[in-house]
């Protein structure tokens, strides 16, 4: 699927995998790498053969953060003219489930990439953090907003103001990540989950994601309206008919995503 310079892509059954690959700089995210990640996400999102998408790094590091060398000479005007974060906004438009599988460090922009995913699985030795304050800046790709929404205002501020790292276990305790496992079995556990998720009705998965995202970004009333609309919409799908027929016939459903 495409020729990329800074990522590797592969497919395992119905799971599309994006592996960050700039080993010489600990997978630091430069602009081209982010472009490639988003392009791969969108391609997988459009593929009928893919049900779930996984973003991962190496056993040693997910990504050490943004490429500071690339950003050091930027100005407010250069970033505004480039529309620095427009490509990041496209991640939230991906309809299929996106799961982050994190071993090692996920810092700064890399942690923002992780927080843009729907679920986060981490190895026990993973470390998370926003060290931007130590550079005289702050997260700019949604880090402050997403962290505060998942962790709460007080703890998010404490963490963002110090720039310290937190272990996977600590982050898990605050509800930021979903599961912590031994590093060597991380991908096995992720793929076990994606295999299960891939067997679910694709339209249901997609519309549940839309509804949950809506309520986290709006009022409860707005979220309920969208949930109701999506619930009704699913009754026009072939998968709904197959799912309920299979239940009545006491067999496993064969969902087609239609």
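Considering the range 109-128 alone, what residues qualify as being touching a strand residue (DSSP E or B) at 6+ places or on another chain (Cβ under 7 Å) and either modelled with pLDDT under 95 or in a loop (DSSP other than H, G, I, E, B) (or both)?
109, 117, 118, 124, 126, listed by residue number.
Can you find a residue in the range 80-88 that is at pLDDT below 95, surrounded by fewer than 20 Cβ atoms within 10 Å (Cβ to Cβ) and under 27 Å from residue 180 (Cα atoms)?
Within the range 80-88, one or more residues are at pLDDT below 95, surrounded by fewer than 20 Cβ atoms within 10 Å (Cβ to Cβ) and under 27 Å from residue 180 (Cα atoms).
Restricting attention to the range 30-53, which residues are touching a helix residue (DSSP H, G or I) at 6+ places or on another chain (Cβ under 8 Å) and modelled with pLDDT of 95 or more?
The answer is 34, 35, 37, 38, 41, 42, 50, 51, 52, 53.
Go through (1) surrounded by 15 or more Cβ atoms within 10 Å (Cβ to Cβ); (2) modelled with pLDDT under 95 one by one and return the number of the condition residue 56 breaks.
Unmet for residue 56, out of (1) surrounded by 15 or more Cβ atoms within 10 Å (Cβ to Cβ); (2) modelled with pLDDT under 95: (2).
Within the set of pairs 6 or more residues apart or between chains, which connect a residue that is touching a residue at least 40 places away in the same chain (Cβ under 8 Å) inside the range 139-162 to a residue that is crowded, with 20+ Cβ neighbours inside 10 Å with Cβ atoms less than 7 Å apart?
141/109; 141/112; 142/112; 142/115; 142/116
Scan the range 201-227 for residues that are out of contact with any helix residue (DSSP H, G or I) (no Cβ under 9 Å at 6 or more places or on another chain) and either at pLDDT below 75 or in the same structural domain as residue 53 (by TED's automatic domain parsing) (or both) and jot them down.
Across the range 201-227, the qualifying residues are 219, 220, 221.
Return the only residue of 91, 50, 68 being buried (at least 19 other Cβ atoms within 10 Å of the Cβ), under 26 Å from residue 126 (Cα atoms), in the same structural domain as residue 189 (by TED's automatic domain parsing) and in contact (Cβ under 8 Å) with a residue 24 or more places away in the chain.
None of the other options fit; the residue is 91.
Hand me the list of helices (runs of 4 or more DSSP H) wholly inside the range 176-258 holding 2 or more residues that are more than 20 Å from the chain's Cα centre (by Cα).
Because the criterion is at least 2 residues that are more than 20 Å from the chain's Cα centre (by Cα), the helices (runs of 4 or more DSSP H) in the range 176-258 that meet it are 220-234, 238-248.
Looking at the structure I just gave you, is residue 65 touching a helix residue (DSSP H, G or I) at 6+ places or on another chain (Cβ under 9 Å) and within 24 Å of residue 186 (Cα to Cα)?
Judged against the criteria, residue 65 is a match.
The values are calculated or read from the model by the stated rules, or taken from the named source; none is laboratory data. Just so it is clear, the model here is predicted, and its values are computed rather than measured. Reconstructed Cβ throughout: ideal geometry from the backbone, glycine too, with neighbour counts over all protein chains shown.
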